[in-house]
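Asker: The structure that follows is given in the form of structure tokens.
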Amino acid sequence: MISVAFVLLVLAVVLLAALLLVQLRSGGRQGAMLVQQQLIELRNRLDSLVTVQQQVPQTLAEGSAEQLRSLADVREKLVWLSEATVRLETVGRSVAEVQELLRVPRLRGTIGELWLEELLRQVLPSGLYQLQHSFRSGERVDAVVKVGDRLVPIDSKFPLEACQRVLRADGVDAARERRVFRRALKDKIDEIADKYIRPEEGTYEFALMYVPAENVYYEAVVRGDQTGDDSSIVGYALDRKVIPVSPNTFYAYLSAIVHGLKGLQVEQRAREILDALGGLQQQFGQFERAYDLVGKHLVNANKQYEETERQLHLIQRRFDDITGLDED
């Protein structure tokens with residue numbers, strides 16, 4: 001488009017030059033001046049056009065370079081998206097595999113026990129908790145925490161499959177699955193209360209039910225009490241002296257236990273100090289009695305010494321008297 005305009009502009013300059021020559025030959029001086037002025041304007045436009053034409057290749061080159069850079073960026077982002085897609089597919093397969101593993105009740109319980117063990121290990125010293133504690137009945141609880149001279153039993157098994165059915169269902173199915181889940185949850189609470197709360201074997205009169213995920217805890221405890229059902233899960237659990245805890249709330253309970261243990265240690269240390277002071281006071285009493293006895297003995301000895309000295313003086317005077325008689 002620019003090259004065609006350039007050719008037309010050159011032709012216009014040639015025509016005006018020819019017209020100027022004709023005007024000069026015919027003696028039309030005024031017309032020749034007008035043609036000459038137009039010729040100058042056309043020449044200026046021609047110079048501008050030449051400048052523009054010279055800039056066009058540079059502009060095109062810069063535009064091409066920018067396009068190439070943009071294409072390179074797009075290509076790089078496409079490569080990144082492709083790699084991210086592959087990673088997401090890998091993660092998706094891993095999540096699916098974990099979900100499949102969690103469908104197996106025994107393995108699901110093992111994973112819950114591992115999570116519980118990790119939480120205990122992060123918060124408590126190893127000597128303050130025990131895994132797989134056995135009772136005389138042969139039942140084994142997943143963990144116990146030692147608080148003072150008693151144990152807090154903790155169970156990590158949970159009706160997770162029933163809860164997952166509630167999360168997947170909707171409408172009438174959701175209501176039915178929720179009733180099934182609440183029944184399974186109450187059965188689990190009863191099982192914990194009957195099997196693991198054993199004061200005669202050194203446990204406290206309550207136990208903790210560890211729920212392995214926050215969303216499951218919300219569905220089981222928080223949302224379960226907001227559905228308008230007649231019986232509250234939390235109320236039922238507390239009546240059975242079972243306390244549901246999630247990973248986050250479990251940290252709070254463990255922290256409270258740790259502070260309680262520190263208080264017990266301070267109390268125990270204070271008791272030891274008082275016992276030591278009592279023993280020291282008893283020893284001091286014995287020393288005081290012995291000191292008084294020694295003092296009494298010293299007083300008696302002093303009296304005996306004074307009496308002996310008095311007798312000695314009497315004897316000395318008698319002896320002096322007898323000696324004086326002999327001299328006479």
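No value in this document is a laboratory result; all are computed from the given coordinates. Everything numeric in this text was worked out from a predicted model, so none of it was measured. Cβ sites come from the backbone with ideal geometry, for glycine too, and all protein chains shown count toward neighbours.
Asker: Can you list residues whose amide H is under 5 Å from THR203's amide H, if they're 5+ apart or on another chain and H is modeled 1.01 Å from N?
Answerer: Close amide H contacts, sequence-distant or interchain: LEU151, ARG198.
Asker: So for TRP115, TRP80, fewest C-beta neighbours within 10 Å to most, what's the order? Before the final figure, lay out the partial values.
Answerer: Details: TRP115 16, TRP80 10.
Going from sparsest to densest Cβ surroundings: TRP80, TRP115.
Asker: Right, something else. Can you give the net charge of the other residues whose Cβ lies under 13 Å from the Cβ of GLY127, counting K and R as +1 and D and E as -1?
Answerer: Values: positive: ARG121, LYS146; negative: none.
Within the 13 Å Cβ shell, the charges total +2.
Asker: Oh, and also: For the stretch 155-197, just the Cα atoms, rotate onto the principal axes and tell me the three extents in Å, largest first.
Answerer: 38, 15, 7
Asker: Same structure again: Fewest first, what order do VAL294, VAL234 take by the number of other Cβ atoms within 10 Å? Don't skip to the answer; put the middle values down first.
Answerer: Values: VAL294 11, VAL234 15.
So the residues, fewest neighbours to most, are VAL294, VAL234.
Asker: Another one. Under the rule of at least 5 residues apart or a separate chain, name every residue whose amide H is placed under 5 Å from the amide H of GLU139.
Answerer: Residues meeting the amide H criterion: none.
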